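Structure, as structure tokens:
The values are calculated or read from the model by the stated rules, or taken from the named source; none is laboratory data. Just so it is clear, the model here is predicted, and its values are computed rather than measured. Please note: Cβ atoms are built from the backbone with ideal geometry, for glycine as well, and neighbour counts cover all protein chains shown. Just so you know, the surface numbers come from the protein's heavy atoms only, side chains and all, with ligands and any DNA or RNA stripped out. Shrake-Rupley method; radii C 1.70, N 1.55, O 1.52, S 1.80 Å.
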Amino acid sequence: MRAQPKASHYIGGRYVESPEGHPFPSIYPATGEAIASLNSADEKTVEAAVAAAVEGQKIWAATPPAERGRVLRKAADILRERNRALSELETLDTGKPLQETLVADAASGADCLEYYGGLAATLTGEHIDLGGSFAFTKREPLGVCVGIGAWNYPIQIACWKAAPALVCGNAMVFKPSEVTPLSALQFAEILTEAGLPDGVFNVVQGFGEVGAQLIAHPQVAKVSLTGSVPTGAKVASLAGEHLKKATLELGGKSPLIVFDDADVDNAVSAAINANFYSTGQICSNGTRVFVHTAIKERFLDRLAERSANAVLGDPMDETTSIGPLVSKPQLDKVLGYMEIGKQEGARLVCGGGSADVAALPDGFFVQPTVFADVKDGMRIACEEIFGPVMCVLDFDDEDDVVARANDTVFGLAAGVFTKDIQRAHRVIDQLEAGTCWINTYNLTPIEMPFGGYKKSGIGRENGHAAIEYYSQIKSVYVEMGDVEAAF
């Protein structure tokens, strides 16, 4: 198998196997072939990972913050040096085109480590003058954190969770998605090489029951999940039952609103990025594209013209711009929604079915698909598809489109295209979404907090805001005078 790791798990600074665990494969989505075989963590393996994290965290918490920062920045350098090999591994595991993984996966993870490495020495408390006596605060780690990753951006998500956790002095046990288990192991090895003490970052493989064991473990202080809303609800319930802190980055059905004065080519570019990048498997995607009726047909014509230029093929070929979906179940789900859209009466502009890639007949490929004349109540407009399926809806009135854009249980992201800067800010201010863009879409620099409103999540990743979710404030009162008492 061409991507077989040294062992299934990484615990205490070394690779570890769990031969009694449930075996499962990693599948290359472009061919359907197994590229690795791993074993799920058994109970002993989970216990070993948490125990290693507890011991490693004691050492790491006592490490000066500036030194923590140096370790993270060294890991960022190694990620960049090995970007090509890591990108190829990520492409094998996810099916995303190498054209994307070379710039958006390990490279983004390196940016994250570098950013938080730079913040390390600034994580200070405050002095509070009480008129003689005083108080001060200090920021302390939570302890052992659990990270649960998703399959669309495996190494990026591992970095997004690890970097703020580690810079605050925590240890982490990370469980990748069982669909994409490979790159987190490489990341753990790189952290060790960069000088991270053994046990501070561990990787355990497995399915939902492994995540549940980790969340319920009495020595775990916090869980951070990237996943679907149903999974998030289960994680939040279990974390609440055990009074664990939790941050959740969940799904969306985000609106992208294109007004009649927008630059149409730029808006079409944004709609393509918001629906077809990573074969549509991005939680923040703007899958409800509201287009003003005055420019709708021009927008659709240009969209169809440019969608015809998509190159489906071997993800390892850098000319390929759309790869396969990540798995057979995801393929079946997306094809099912394409049929639902047709049955609901939406107008099919392009795509609408599986894609025939002659050289890769067993790959999980679908056509980039655009539906027009979509109504708000259609299932394709209400439910998260997580594939390259765009819904274009009409509007004429600003107040009406804002109300329709907000009429959803989700609130992860939103975008507005207009040349009227006052309208842009006015509309963004009314949209119920945690991450918004004006005249672009899906750009997520590490410096900017990322997260959602409503059922799209709890808490924030990235930016200085993430520090609040991986640390706790200790307040200390210092009495400078005598202590009085009633007797």
All lysines inside 18 Å of Lys138 as judged from Cα atoms, apart from same-chain residues fewer than 8 positions distant = Lys58, Lys474
Over the Cα atoms of segment 180-221, what is the Rg over Rh ratio if Rh follows Kirkwood?
-> 1.03
Sort 212-219, 187-194, 352-359 for me by packing, meaning the mean count of neighbouring Cβ atoms within 10 Å per residue, highest on top.
-> 187-194, 212-219, 352-359
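Compute the whole-percent fraction of alpha carbon pairs in segment 243-358 spaced more than 16 Å apart.
On the way: 4563 of 6670 pairs.
Within segment 243-358, distances greater than 16 Å cover 68 percent of Cα pairs.
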For the chain, dividing by residue count, accessible area per residue (probe 1.4 Å) in Å² works out to 39
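As a test, work out the antiparallel percent of DSSP beta bridges whose residues both lie in segment 122-272, rounded to the nearest 5.
For segment 122-272, the DSSP antiparallel bridge percentage is about 15.
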Placing each pseudo-label 7 Å from Cα in the direction of the beta carbon, Met1 and Asp265 end up separated by a distance in nanometres of 4.7
Put +1 on the Cβ of each Lys and Arg and -1 on the Cβ of each Asp and Glu in the chain; which of Val46, Gln99, Val311 then has its Cα farthest toward the positive end of the dipole?
-> Val46
Could you tell me what fraction of 2.2 N^0.38 Å the Cα radius of gyration of segment 330-438 comes to, as a two-decimal ratio?
-> 1.24
For segment 218-291 and segment 411-462, compute the distance between their C-alpha centroids and round to whole Å.
-> 11
Size of charge dipole - the chain - debye, nearest 20, with Cβ of Lys, Arg +1 and Asp, Glu -1, no other charges | 640
Per-bin percent of Cα-Cα distances, segment 401-487 [10 Å] | 14, 33, 23, 10, 8, 8, 3, 0
Indicate, rounded to the nearest 5 percent, the antiparallel portion of the DSSP beta bridges found entirely in the chain.
-> 45
Out of Asn152, Thr124, Ala433 - ranked by how far each Cα lies towards the positive end of the dipole of the chain, with unit charges on the beta-carbon of charged residues - the top one is Thr124
Note down the Stokes-Einstein diffusion coefficient of segment 102-199 in µm²/s, whole number, using a Kirkwood radius over alpha carbon pairs, 10 °C, and 1.306 mPa s.
-> 106
Radius of gyration and Dmax over the Cα atoms of segment 388-432, both given in Å | 11.1, 32
What is the log10 of I(q)/I(0) for segment 16-88, computed with the Debye formula using one identical point scatterer on each Cα and no solvent, at q = 0.22, 0.24, 0.27 Å⁻¹?
-> -0.98, -0.98, -1.03
Quick calc, segment 402-487, dipole around Cα centre from Cβ unit charges on Lys, Arg (+) and Asp, Glu (-), nearest 20 debye, gives 680
On the protein heavy atoms, probe 1.4 angstrom, tell me the percent of accessible surface of segment 15-143 carried by carbon and sulfur.
-> 54
Give the value in nm², to one decimal: projected area of the alpha carbon convex hull of segment 147-215, averaged over all directions.
-> 4.2
Report, in debye and to the nearest 20, how large the dipole of segment 65-106 comes out about its Cα centre when Lys and Arg carry +1 and Asp and Glu carry -1 on their Cβ.
-> 280
Long-range alpha-carbon pairs in segment 322-385, meaning those over 13 Å apart, account in percent for 62
Write down the Å³ per residue value for the convex hull defined by the alpha carbon atoms of the chain.
-> 168
Computed over segment 1-136, Cα set: Rg, Dmax in Å | 20.4, 72
With r defined as the distance between the Cβ atoms of Ala85 and Ala485 and R0 fixed at 45 Å, what FRET efficiency is calculated, to the nearest 0.05?
-> 0.10
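Could you tell me what percent of the DSSP beta bridges with both partners in segment 358-487 are antiparallel, to the nearest 5?
Roughly 10 percent of the beta bridges in segment 358-487 run antiparallel, per DSSP.
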